[in-house]
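The values are calculated or read from the model by the stated rules, or taken from the named source; none is laboratory data. Remember, it's a predicted structure, so these values are computed and weren't measured experimentally. In case anyone asks, the SASA skips ligands and DNA or RNA and just uses the protein heavy atoms, side chains included. Shrake-Rupley method; radii C 1.70, N 1.55, O 1.52, S 1.80 Å.
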Amino acid sequence: MLNSNAIVAIGTLGGTITMTSQDGATGVSSTLGAADLVQSIPGLAELSVQLRLKTLANLASGSIQFEHLFQALAWAKQQVEDGATGVVLVQGTDTLEESAFFLDMYWPYGAPLVLTGAMRSPKEAGADGPANLLSAIKVAMNPKMRNYGSVVVMSDEIHQARYVRKQHTMSVNAFASPVVGPLGYVQESDILLYRQANERAVLPIPVQYDEKVLLVEAVLDESIELYQVLPTLSYAGLVIAGVGSGHVSENVRNALIPVLEKMPVLMASRTGAGSTTKAVYGYKGAEIDLQSLGVMMADALCPRKARLLLSAILWSADGQRSYIEQALKKYLHTYKTP
């Protein structure tokens, strides 16, 4: 049941949901703000909710930087401190899963932080933005959603930040949570939930976040040149989207040895579903061998989110390698498939 005294703060960062055609321009670009989006929602007046609106930015989601997310996080936290029942952030869908996970790592409140967007711009037939935003407001104001952290709401489905992925370029049903499925659904004025809230580990907000983590995907017959030059570059960590359950070729395995002397290496799977293994395969380049060299396995965390987690840990590690390894084990434990 909805909270009849709810206060929902809505902040917009841009994205397809805010994009319209400009005079003489080809295609659409971000032009609408929070107030414009709210005016377009049929049925909003039927909800007993007070809205606070803020246009935070007008960016295509591929241009969102960590600084924008930290600014949005600070704004969202202030809204909760000022009494908001929940917060909705609107952005483009291309990096929506990454933003949701990033914010989830730092969200300390029981109040829900809900991310949404649209696959079709406002002037297209069947534009999904108003429906998605209305559903997001319903989720943000519902007391059932406390302690789930950051979630993504698209097409009336509720997805936890740790599991959700964009799996189609254009479909309005682009978002899914492989293996585990959606957390729940928006149905009329209520929501249906299928899982209890997971254990959540909240990371400290860093003073600086300059250290960068490189994400590389393993492929058939790949060159090792990038791995050879990597120790001379400015990266502080490496995530590999490995083949299968977290494997690389023997040539790449050999090239990783000097990389491991310079930075932590985290191995995920490029497959899109399932977990890396730890004790199945023993050939050179497989997980048993890689772990003996010092490579850490990302379990069920997808490569993009593994990059964000390693980045966040590096920002709080102050260069201590032992802390990085312990923190990864601690936080990866909370992201295991239920």
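Structural descriptor for the chain: relative contact order 13 percent, calculated from alpha carbon pairs under 8 angstrom and at least 6 residues apart.
The spread of Cα positions in region 163-294, taken along each principal axis and listed from longest to shortest, comes to 57, 39, 32 Å.
Counting only lysines at least 8 places from LYS144 when in the same chain, those with an alpha carbon closer than 22 Å to its own are LYS77. With bins 5 Å wide beginning at 0, the percent of Cα pairs of region 31-101 falling in each bin runs 3, 13, 24, 24, 20, 13, 3, 0.
Surface composition of the chain: carbon plus sulfur atoms hold 49% of the accessible area, using a 1.4 angstrom probe and ignoring ligands, DNA and RNA. Could you give the angle, 0 to 90 degrees to the nearest 10, between helix 129-140's Cα long axis and the longest principal axis of the Cα atoms of the chain? Computed tilt is about 80 degrees. Taking each residue as 0.36 nm, the span from GLN71 to ASN173 lengthens on full extension beyond its C-alpha to C-alpha distance by 33.8 nm.
Restricting the calculation to alpha carbons of the chain gives Rg and Dmax of 20.7, 63 angstrom.
Put simply, the C-alpha atoms of region 106-200 give a gyration tensor, and the ellipsoid matching it has half-axes of 22, 15, 11 Å, longest first. When the alpha carbon coordinates of region 234-325 are projected onto the principal axes, the ranges are 34, 28, 21 Å, largest first. How big, on average over all directions, is the shadow cast by the Cα convex hull of region 194-237, in nm²? Approximately 6.4 nm², given one-decimal rounding.
For region 196-205, the Karplus equation 6.51 cos²θ - 1.76 cosθ + 1.60, evaluated at θ = phi - 60°, returns couplings of 7, 5, 6, 4, 10, 10, 9, 8, x, 6 Hz by residue, with Gly and Pro reported as x.
Taking the Cα atoms only, what angle lies between the long axis of helix 321-333 and the longest principal axis of the chain, rounded to 10 degrees? That helix lies at roughly 50 degrees to the long axis.
Angle of helix 250-262 to the longest C-alpha principal axis of the chain, folded into 0 to 90 degrees and rounded to 10: 80°.
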